[in-house]
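S.K.: Here's a structure for you.
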Amino acid sequence: MQKITSFTVNHDTLEKGMYISRVDGDIITYDIRMKKPNAGDYLSPASAHTLEHLFATYARNHRVKDSVIYVGPMGCRTGFYLLVRDSVSKADAIALVLESMRFARDFDGEIFGSTAKECGNYLDHDLAGAKAVAKDMSEVLQDWTVENLRYKE
């Protein structure tokens, strides 16, 4: 079998940030790397779950919502993927993620979609953990530019 694109990224040198993972037709996959790979510090399942609810809800209510395809965590628990149509400029994609992280960082209240009726694992949430990850990513992405979207060799 062919190696999938995400397995060709050098995880030994990958740092926190936002990168273009792949482009498939009019869909751009962004790698939102929240933890340094293989460094022993990972997103907890509960904090990633909560951040997914906050990030996805914000993105799907943003002005580019019609171009948002998917927001969700990576299985390795080092980040999230964001898939958008290429009608969203790279600068707007960075702004969307930064705004989403600030929203999650500052969020107080009932977590969206966190009832038994709405969520398949409604008891597994960690708002404080999600807010801490979002705060860190807000700082990482504060001055992120389109030029930073390329993986470093």
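S.K.: Which of the three applies to the range 8-141, rounded, prolate or oblate, going by the alpha-carbon gyration tensor with a ≥ b ≥ c and a/c under 1.5 meaning rounded?
M.R.: Because a/c hits 1.5 or more and a/b fails to exceed b/c, the range 8-141 counts as oblate.
S.K.: With everything on Cα atoms, drop me the angle between helix 127-141 and the longest principal axis of the chain, reported from 0 to 90° to the nearest 10.
M.R.: The answer is roughly 30 degrees.
S.K.: With angles folded into 0 to 90 degrees, how steeply does helix 45-59 sit against the dominant principal axis of the chain? Use alpha carbons for both and round to 10.
M.R.: The angle comes out at about 80 degrees.
S.K.: Right, something else. Given springs between every Cα pair under 10 Å in a Gaussian network model of the chain, which of ASP136, ASP106, ASP24 has the largest fluctuation?
M.R.: Most flexible of the set in this elastic network: ASP24.
S.K.: Compute a Gaussian network model of the chain, connecting alpha carbons closer than 10 Å, and tell me which residue from VAL64, VAL133, VAL84 fluctuates the most.
M.R.: VAL64
S.K.: For n ≥ 4 DSSP H runs only, could you compute -39500 (n - 2.57) per run for the chain, divide by its residues and tell me the 222 nm figure to the nearest 500?
M.R.: That calculation yields -10000 deg cm²/dmol at 222 nm.
S.K.: Now for a separate question. Taking the chain as the reference, fit the longest principal axis to its C-alpha atoms, fit the long axis of helix 90-106 to the helix C-alpha atoms, and give the angle between the two in degrees, 0 to 90, nearest 10.
M.R.: In the chain, helix 90-106 runs at an angle near 30 degrees to the longest axis.
Since every read-out is calculated from the coordinates, none of them should be taken as a lab result. Computed from a predicted structure; not experimentally measured.
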